[in-house]
Every structure is written in structure tokens, then in C-alpha cells.
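Here the structure comes first, spelled out in C-alpha cells, and everything after it is commentary.
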Amino acid sequence: MGLFSETVPREWYDEMKAQRNAAIAERHAAEERYASLVSQFVDLKRQEWNLSPQGFDISKLSPMAGLGPRTQLAIEEFAAGDPELRARLINTGTAEAMARRAQGMPEDEIDAEVGTLIQEGDQG
């Protein structure tokens, strides 16, 4: 083989290319396994240290999360820092919203009606 002639036969080239592609695929699989192991390790450490699971949002557990923004604002304004009144208004708002959802009302109308009901005060 001379300096300017073909360097390798086509079969050798194809074989080396297939080996390279197999090695790349194997490397990607190893990286995915490693990422999975790291994720599992992080989850275990979060549990060991009594931390919330990754992606957990505690605000979704709040009873206020089920109420619309207008209702939430009405509760905060009417309660004016009184925790017992705030809890009562949240319970009332949740009950009223659930009753209206059972009737099939749209969420924006539920929010408007329950917010208005709370702003008007205790009528009963």
C-alpha cells in the first residue's frame, strides 16, 4: 500500500464502523444505567434525611389549593389574621365549592359565587 492509495478495504471499514456504533450504543446504555442509579441514590438519601420526595409540592395539600383565587383572597381579607376564623372560612368555602361542583358549575363561576358569599359574611 502506498502513501496515496486506498488505506483499508471496504469490509474492514464497515466492520470498524459497526464496532464503533456498538461501542457508542453500549456507552449510552451505561450512562442511562448510571443516571438511574444516581437518581435512586438521591431518593434514598432524601428519605434518610427526612426530606420531601423530589418534585413534591406541599402547597397542593393545603385546603386552600382547592379554592379559586377570588375565594382565597376573600378568605384572607375576611379572616384578617384570625386563624380560627380562617379555618372556618376555608371549611365553608370548600363545602360550598364542592356543592357547586356536584351541580356541574364551571370553576370560574364557582370561584366568583363562593368568593362573593365569603365577602358578604356569615348569613346563617
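The values are calculated or read from the model by the stated rules, or taken from the named source; none is laboratory data. Not measured: the values here are computed from a predicted model. Here Cβ is always computed from backbone atoms with ideal geometry, including for glycine, and neighbour counts include all displayed protein chains.
Values as computed for the structure displayed
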item: Members of the stretch 78-94 found to be more than 26 Å from the chain's Cα centre (by Cα) and surrounded by 11 or more Cβ atoms within 10 Å (Cβ to Cβ), listed by number; result: Phe78, Ala79, Asp82, Leu85, Arg86, Ala87, Arg88, Leu89, Thr92
item: Lone qualifier among Gln54, Gln47 - being under 21 Å from the mean Cα position of the chain (by Cα) and part of a loop (DSSP other than H, G, I, E, B); result: Gln54
item: Among (1) modelled with pLDDT of 90 or more; (2) exposed (fewer than 11 other Cβ atoms within 10 Å of the Cβ); (3) in the same structural domain as Met98 (by TED's automatic domain parsing) - the single one Trp49 does not satisfy; result: (3)
item: Selection within the stretch 36-71 - of a type in the set (S, T, N, Q) and touching a residue at least 24 places away in the same chain (Cβ under 8 Å); result: Thr71
item: Residue list for the stretch 57-76, restricted to those being at pLDDT below 90 and either part of a loop (DSSP other than H, G, I, E, B) or under 12 Å from Thr92 (Cβ atoms) (or both); result: Asp57, Ser62, Pro63
item: Long-range neighbours under 8 Å by Cβ, at least six apart or interchain, first residue modelled with pLDDT under 95 within the stretch 78-99, second basic (Lys, Arg); result: Ala79/Arg86
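Per-residue answers, yes or no, for (1) hydroxyl-bearing (Ser, Thr, Tyr); (2) assigned to a helix (DSSP H, G or I); (3) not assigned by TED's automatic domain parsing to the domain that holds Gly66:
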{"position": "Phe78", "(1), (2), (3)": "no, yes, no"}
{"position": "Gly81", "(1), (2), (3)": "no, no, no"}
{"position": "Glu84", "(1), (2), (3)": "no, yes, no"}
{"position": "Asn91", "(1), (2), (3)": "no, yes, no"}
{"position": "Thr94", "(1), (2), (3)": "yes, yes, no"}
{"position": "Ala99", "(1), (2), (3)": "no, yes, no"}
{"position": "Asp108", "(1), (2), (3)": "no, yes, no"}
{"position": "Asp111", "(1), (2), (3)": "no, yes, no"}
{"position": "Gly115", "(1), (2), (3)": "no, yes, no"}
